[in-house]
1. Taking segment 181-198 on its own, how many of its residues are among the basic types (Lys, Arg) and farther than 22 Å from Leu162 by Cβ?
2. Gly62 fails exactly one of the following numbered conditions: (1) modelled with pLDDT under 95; (2) closer than 26 Å to Cys137 by Cα; (3) of a type outside the set (Phe, Trp, Tyr). What is the number of that condition?
3. Looking at Val132, Val124, Val99, which is the one that is within 20 Å of Ala213 (Cβ to Cβ), among the β-branched types (Val, Ile, Thr), away from the ligand (no atom under 12 Å from the Cβ) and not in a loop (DSSP other than H, G, I, E, B)?
4. If you take the residues of segment 65-80 that are surrounded by fewer than 16 Cβ atoms within 10 Å (Cβ to Cβ) and closer than 20 Å to Ala26 by Cα, which of them is modelled with the lowest pLDDT?
5. Tell me yes or no: at least one residue of segment 216-229 is farther than 28 Å from Val33 by Cα, hydrophobic (A, V, I, L, M, F, W, C), modelled with pLDDT of 95 or more and more than 15 Å from the ligand (Cβ to nearest atom).
6. What tally of residues in segment 26-78 results from selecting those that are in a strand (DSSP E or B) and within 16 Å of the ligand (Cβ to nearest atom)?
7. If you take the residues in segment 8-22 that are near the ligand (Cβ under 7 Å from one of its atoms) and outside any loop (DSSP other than H, G, I, E, B), which one is farthest from the chain's Cα centre (by Cα)?
Amino acid sequence: MSPAADLGRALCIITGASRGFGRALAQNVSRLVQPGSALVLVARSGPDLRTLQAELTESEAGRAGLKVEVVVADVGKAESLENIMRTCREAFCEDMDHVMLINNAASLGDVSKYVKDLSDMAQVDSYLSLNVSSALCLTARVLQAFPQHAGLRRSVVNVSSLCALQPFRSWGLYCTGKAAREMMFKVLAEEEPDLRVLSYSPGPLDTEMQLEARSKTADLSIKKTFSSMFAQGQLLTCEMSSARLMKVLLDDKFTSGDHVDVFDV
Ligand SMILES: NC(=O)c1ccc[n+]([C@@H]2O[C@H](COP(=O)([O-])OP(=O)(O)OC[C@H]3O[C@@H](n4cnc5c(N)ncnc54)[C@H](OP(=O)(O)O)[C@@H]3O)[C@@H](O)[C@H]2O)c1
């Protein structure tokens with residue numbers, strides 16, 4: 001099967017679109033959807049989202065009819081999901097042939113602590129609420145709002161990490177969250193055969209999350225690994241990694257539920 005030329009006439013929801021990988025994803029997706037598509041971009045930082053909205057609206061895709069909506073919301077809060085869904089329902093048009101959700105928003109958690117230090121249940125709950133529950137519940141709501149019907153393709157991307165598969169000392173919260181998400185999306189893929197579910201590991205990216213990783217990690221050998229990667233210019237750009245994700249989606253050869261790493265593409 002030859003790769004698709006584009007992502008169709010799509011409604012695409014991207015969480016964590018204000019900066020870093022999510023911002024690059026929004027730019028890439030905007031160039032790969034057909035006129036009449038809509039992007040719903042979610043994050044807490046309104047000014048950053050609106051700057052991106054203006055950039056995309058003025059781009060070639062925007063001039064060709066791409067709608068760009070922003071939702072300023074903390075996805076870790078239950079009430080935010082209703083705001084996101086309201087905007088999604090308003091942005092959806094009956095002639096759209098693809099609904100795509102990219103669960104990208106995440107936090108690193110307190111990497112200055114080892115597992116033995118994580119005794120505060122409220123802190124752990126709050127971490128899991130943003131990094132696991134929000135992705136699960138937003139995905140469920142999108143699937144409910146846009147049920148399967150002939151002519152509609154539905155895709156869900158889980159932005160994952162090597163940390164979903166391998167333990168990293170002092171990254172207990174992050175590894176736990178990414179591992180839980182990975183399994184949740186594998187179960188979803190089993191349950192919904194019509195759905196295309198992908199866990200994509202974007203690799204070490206030059207973003208604020210990386211800066212936090214190399215400055216706050218308690219474990220000295222992990223901290224040193226990330227500092228050296230930065231110093232030796234080994235971090236990937238968000239543009240490069242998001243372009244690889246687009247290639248995986250267009251090629252459409254993955255088994256639903258699979259974990260695909262940027263270095264495998
Ligand atoms: N950077 C890496 O090396 C790396 C490696 C593997 C995987 N990843 C994964 O790639 C994804 C993107 O990471 P990144 O490096 O781009 O991180 P980043 O630079 O820290 O950006 C995170 C994004 O998530 C949003 N976000 C954070 N908390 C939020 C909340 N409560 N509600 C709504 N949005 C929220 C942020 O926007 P606001 O602050 O405006 O809300 C921002 O747009 C994450 O899933 C991360 O785990 C990153």
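1. Selection size over segment 181-198: 1.
2. Going through the list (1) modelled with pLDDT under 95; (2) closer than 26 Å to Cys137 by Cα; (3) of a type outside the set (Phe, Trp, Tyr), Gly62 breaks only (2).
3. Val124
4. Gly65
5. Scanning segment 216-229 turns up at least one residue that is farther than 28 Å from Val33 by Cα, hydrophobic (A, V, I, L, M, F, W, C), modelled with pLDDT of 95 or more and more than 15 Å from the ligand (Cβ to nearest atom).
6. Total meeting the criteria: 10.
7. Per the stated criteria, the residue is Gly20.
Quick grid of which residues meet (1) touching a His at 6+ places or on another chain (Cβ under 7 Å); (2) under 30 Å from Leu220 (Cβ atoms); (3) more than 13 Å from the ligand (Cβ to nearest atom); (4) among the acidic types (Asp, Glu):
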{"position": "Leu128", "(1), (2), (3), (4)": "no, yes, no, no"}
{"position": "Val142", "(1), (2), (3), (4)": "no, no, yes, no"}
{"position": "Ala145", "(1), (2), (3), (4)": "no, no, yes, no"}
{"position": "Trp171", "(1), (2), (3), (4)": "no, yes, no, no"}
{"position": "Glu182", "(1), (2), (3), (4)": "yes, yes, no, yes"}
{"position": "Lys186", "(1), (2), (3), (4)": "no, no, yes, no"}
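The values are calculated or read from the model by the stated rules, or taken from the named source; none is laboratory data. These figures come from a predicted structure and were not determined experimentally. Using ideal geometry, Cβ is built from the backbone for each residue, glycine included, and neighbour counts are taken over all protein chains shown.
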